[in-house]
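S.K.: Shown below is the structure under consideration.
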Amino acid sequence: MIAVEDLTKRYGSQLAVDAVSFRCEPGTVTGFLGPNGAGKSTTLRMICGLTPPTAGAATVLDTSYRKLSNPGRQVGVLLDASAQHQGRTGREVLAVSARVLGVPPSRVDELLGLVGLSRSAARKRVGAYSLGMRQRLGIAHALLGDPSVLVLDEPANGLDPEGIHWMRGLLRDFADRAGTVLLSSHLLHEVEATADHLIVIGNGRIVAQGAKDELLAASGVIVRGLEPTALHSALAGAGLTATPGADGALLVEADAEAVGRAAALAGVALLELRPADTGGLEQLFLSLTREESLVA
Amino acid sequence: MTALTATFPRAGLARLTEVELRKMVDTRAGFWLLLTIQLLAVGAVTIFLLEAPVDLQDFGDFLAASLLATSFLLPVIGILAVTSEWTQRTGLTTFALVPERERVIAAKVAGAVALALVSVAVCLVCAALGNLIAGGSWATSVGEIGQAALFETLAMLGGFAFGLAFLNSALAIVVVFLVPRILSILSATIPALDKPAEWLEMARAVGPLADPEVVMTGTDWAQLATASGLWIGLFLLVGLWRLRRTELK
C-alpha cells in the first residue's frame, strides 16, 4: 500500500510537485499519467526517499520508506532502467543487489529467467544493452526481493509490443496476488490496459484520479446523427453539452440514455451511439494536461 | 508475495562492505584501474632495480618506490568508489536499497581501506622480489610496514574525501592532482607560506611515512594529523553534509 499526502517539491520558484495526494491499494495497478516534466518522477523519487520533499509525506506499507529495515524486500523500485553502471554485467547487477537484500544467489537465475534475459545476455555489460533489455533487467531487479509493492517509472519505455504485452501480464498477475503496483507513463495506451486506477498529473498538480472505469464513464458518449446540425441543437435543447469531433460525430458529456432520449424527442435519426472509451480517455488526458499548461 | 506485516533484517556493515568492495572491482573500469595500480608497483621496482645505484637497493627502498608509484592512482579508486554512484547513476539503486546513506559511505570507506591494504601487500611482494634479485639488506620493522599501510590508506582516503565532497568524477580527479601541485609551487615560491605549508600540505606531511631513511618525529606526526584533518577529515565532513541533503536523480 502506498499513501501520499500533500506531497510538494519546490525547486527555487518552480513548484515541480504541488500538494499531490493519492492512495494505491493492494490488489490494484495504479497508472500515474502525465506529460514529460509533469512531476511524475519527482513524486516517485519522494515516495522512495531519494528526494526530500518540501512539504507533505509519503508512506509505503504504513511507514516512511526510509524507515523500512530492508526496503528492497518489501518494495520493488525501478526509477530509471538506464541508471546502471555501463561496465557491469547484467547478472552482476542482480548478484550484488541479492547480497544487499540477503536473498539466495539462486534468485538471480530465477529472475533472469522470468524476465527473459538469456544466459549470454546476462553475461554482457549493461552498456551493450538495448533500452528494452535494460527495462527487463530493471524489472528483474525490482522483483528480486519478492516485494509486495512495486514502484516503476516508465517501465514500458523502450519495450517492443511483445514486451509491453508481457509486462502487462506480469503486473496484472502481481496485483492479483494482492500486490500493489504504481507505474508511471507519459503514454496513455501503455497503462490503459493494465491499470485499474488512474492518476493524471499536469504541471505538478493532480488533475484527475479515480477508477479507470469511472474516468471512462465520465468522459461521456460519442453520438453521430443523420443530420449533425439538427442533432446538435436537439442536444443543446435538452441541456447537454456536445463537442464536435471527427466526421460529424459529437462527444457528449452525458450517458447514452439521456442522449438517446433527446434525439428521439427531436425526431433525429442516430447512426451511432457508444461510450467514448479510449478516445474519450485520450481526450481527457490531453485536455486536462493542455488546460494545465494554458493556466500556467 | 510476502506478508505485509513481515519485517526483514537489514544487511550488516560487514555485508555492505563486501558489496561495496565488490562494486569497486566488478566493473571494467574498476578492474583495469586496480590492475594498473599493481603493475605500477611492478614497474617501479623494475626501474629501481635497473636504474638506482646498487648501494641504495635494499628492501626499504624497493618498498618506498612501489608505495610512491601505487599511491599515485589509489586516490582515483577512492574517488570513483563514490562518484560512480552519481556519474553512472547507480545511486538511485544503492540508496533505494539502503536508505541510511551514511552506512553506505561507511561500507565504502571500509572497502576502500581494504583495497589500500591489498595494494600494500602487493608492494611488499614486489619489494621482496626486487630485493631478492638485488641482494640488498632486508632490514625492516613492523613500524615501517605499518607506516606503509597508513601511507596507502591516506592516499586512498584523500581521493575518497574529494569524491564525496564533489560528487563528480572529473572535478574530483582534476582537483586531486592539481591542488597539491599548485600548493607545492606556492609554498616553494612564497617564503612566507613555507612554514604553514609544513602543517597543511598533504604531500609534504605523508612523505616521511614512506621514506625508509626518515624516522617519524612527534612533529612529523602532528603535521600529518593537521594535514589529514584538513584534506581528508574536513572534506569527508563536507561530503557527508552534502550527502544527507542531496537528491538522487
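S.K.: Compute the distance in nm between two label points, each set 7 Å from the Cα along the Cα-to-Cβ direction, one at B:A14 and one at B:A170.
M.R.: Using points 7 Å along Cα→Cβ, the separation is 4.2 nm.
S.K.: Show the residues, 5+ positions off or on another chain, whose built amide H is closer than 5 Å to the amide H of A:D18.
M.R.: For A:D18, whose amide H was placed from the backbone, the distant partners under 5 Å are A:K9, A:R205.
S.K.: As a test of the formula, what do you get for chain B when each DSSP H run with n ≥ 4 contributes -39,500 (n - 2.57) and the sum is divided by the residue count, at 222 nm and rounded to the nearest 500 deg cm²/dmol?
M.R.: Using -39500 (n - 2.57) per qualifying helix, the result is -26500 deg cm²/dmol.
S.K.: Over 30 Å between Cα atoms, which of A:K40/A:K212; B:K108/B:K195; A:K9/A:K124; A:K124/A:K212 qualify?
M.R.: Working: A:K40/A:K212 18 Å; B:K108/B:K195 35 Å; A:K9/A:K124 38 Å; A:K124/A:K212 40 Å.
From A:K40/A:K212; B:K108/B:K195; A:K9/A:K124; A:K124/A:K212, over 30 Å: B:K108/B:K195; A:K9/A:K124; A:K124/A:K212.
S.K.: Based on the Cβ-Cβ distance from B:T36 to A:T59, what FRET efficiency comes out when R0 is 56 Å, to the nearest 0.05? Provide the component values of the computation, followed by the final result.
M.R.: On the way: r = 47 Å, r/R0 = 0.85.
It comes to 0.75.
S.K.: Under a GNM of chain A (C-alpha, springs under 10 Å), which listed residue has the highest mean-square fluctuation: A:L188, A:L250, A:L111?
M.R.: Largest GNM mean-square fluctuation: A:L250.
S.K.: Buried accessible area for the B:A pair, summed, 1.4 Å probe, in Å² rounded to 100?
M.R.: The summed interface area works out to 3600 Å².
S.K.: Could you work out which residue, out of A:A193, A:A269, A:A98, moves most in a Gaussian network model of chain A, that is, has the largest mean-square fluctuation with Cα springs under 10 Å?
M.R.: Maximum fluctuation in the GNM of chain A, among the listed residues, is at A:A269.
S.K.: Which residue, B:T94, B:T217, B:T17, has the most motion in a Gaussian network model of chain B that connects Cα atoms within less than 10 Å?
M.R.: Looking only at B:T94, B:T217, B:T17, the largest GNM fluctuation is found for B:T217.
S.K.: A further question follows. Enter the angle in degrees (range 0 to 90, nearest 10) between the Cα long axis of helix B:59-87 and the first principal axis of the Cα atoms of chain B, meaning the one along which they spread out most.
M.R.: Between helix and principal axis, roughly 20 degrees.
S.K.: Go through the range B:220-230 residue by residue and turn each phi into a ³J(HN,Hα) via Karplus (6.51, -1.76, 1.60, θ = phi - 60°); whole Hz please, and just put x for glycine and proline.
M.R.: 4, 5, 5, 5, 5, 5, 5, 5, 5, x, 6
S.K.: Considering amide H positions built from the backbone, and no H for Pro or chain starts, which residues 5 or more places from A:N157, or on another chain, come under 5 Å of its amide H?
M.R.: none
S.K.: Could you give each residue of the range A:139-148 its phi-based ³J(HN,Hα) in whole Hz, using Karplus coefficients 6.51, -1.76, 1.60 with θ = phi - 60°, and x for Gly or Pro?
M.R.: Coupling constants for the range A:139-148: 5, 4, 5, 5, 8, 3, x, 6, x, 10 Hz.
S.K.: Another question, if that's okay. Need the per-residue list for the range A:67-103: every residue with at least 40 Å² less accessible surface in the complex of protein chains than in the chain by itself, probe 1.4 Å, sorted by number.
M.R.: A:S69, A:N70, A:R73, A:Q74, A:A83, A:H85, A:R88, A:E92, A:V96, A:R99, A:V100
S.K.: Same structure again: The range B:20-44: which residues show an accessible-area loss of 30 Å² or more, assembly versus chain alone, 1.4 Å probe?
M.R.: Checking the loss per residue gives B:R22, B:K23, B:D26, B:T27, B:R28.
S.K.: What nm distance separates the two modelled labels at A:R119 and B:L240, each placed 7 Å from Cα along Cα→Cβ?
M.R.: In this crude spin-label approximation the distance works out to 4.7 nm.
S.K.: For chain B, what % of the accessible area comes from carbon and sulfur atoms, probe 1.4 Å?
M.R.: C and S atoms contribute 73 percent here.
S.K.: Label 7 Å along Cα→Cβ of B:L186; the range B:209-231 residues with amide nitrogen under 19 Å?
M.R.: The answer is B:224, B:226-231.
S.K.: Turning to a different aspect of this structure: With r defined as the distance between the Cβ atoms of B:T219 and B:E102 and R0 fixed at 30 Å, what FRET efficiency is calculated, to the nearest 0.05? If you can, show how the numbers build up before the last one.
M.R.: Working: r = 34 Å, r/R0 = 1.14.
About 0.30, to the nearest 0.05.
S.K.: Which residues make up the longest stretch of chain B clear of GluC sites (Glu not before Pro) that lie in a DSSP loop with no more than 16 other Cβ atoms within 10 Å, not counting the sites? Numbers along the way, then the final one.
M.R.: On the way: sites that count: B:E100, B:E213, B:E247.
Excluding the exposed sites themselves, the longest stretch runs over B:101-212.
S.K.: Across every pair of different alpha-carbon atoms, what Kirkwood hydrodynamic radius in Å does the range A:1-127 reach? If you can, show how the numbers build up before the last one.
M.R.: On the way: mean 1/r = 0.0602 Å⁻¹.
In the range A:1-127 this quantity evaluates to 16.6 Å.
S.K.: Given only helices, namely DSSP H runs of n ≥ 4 each adding -39500 (n - 2.57), what is the per-residue ellipticity at 222 nm of chain A, to the nearest 500 deg cm²/dmol?
M.R.: Computed ellipticity for chain A at 222 nm equals -11500 deg cm²/dmol.
S.K.: I would also like to ask the following. With a 1.4 Å probe and every protein chain kept in, tell me what percent of the accessible surface of the range A:1-144 is carbon plus sulfur.
M.R.: Carbon and sulfur together cover 50 percent of it.
S.K.: Next up: With θ taken as phi - 60° and the coefficients 6.51, -1.76 and 1.60, list the Karplus ³J(HN,Hα) couplings across the range B:91-104 in order, rounded to whole Hz; mark glycine and proline as x.
M.R.: Whole-Hz 3J(HN,Hα) from phi for the range B:91-104: x, 4, 7, 3, 7, 7, 7, 10, x, 6, 4, 5, 5, 4.
S.K.: Keeping all protein chains in place, calculate the accessible area per residue for the protein assembly as shown (probe 1.4 angstrom), answer in Å².
M.R.: Per-residue value: 43 Å².
S.K.: Pull up all non-local amide H partners of A:E227: gap of 5 or more, or a different chain, and H-to-H distance under 5 Å with H placed in the peptide plane.
M.R.: Under 5 Å from the amide H of A:E227 lie the amide H atoms of A:A269, each far enough along the sequence or on another chain.
S.K.: Between 0 and 90 degrees, rounded to the nearest ten: what's the tilt of helix B:28-51 against the longest Cα principal axis of chain B?
M.R.: 10 degrees
The values are calculated or read from the model by the stated rules, or taken from the named source; none is laboratory data. Predicted, not measured: the structure shown is a model, and the values here were computed from it. With ideal geometry, Cβ positions are generated from the backbone for all residues, glycine too; neighbour counts draw on all protein chains shown. These area figures cover heavy atoms from the full protein model, side chains too; ligands, DNA and RNA do not enter into them. Shrake-Rupley method; radii C 1.70, N 1.55, O 1.52, S 1.80 Å.
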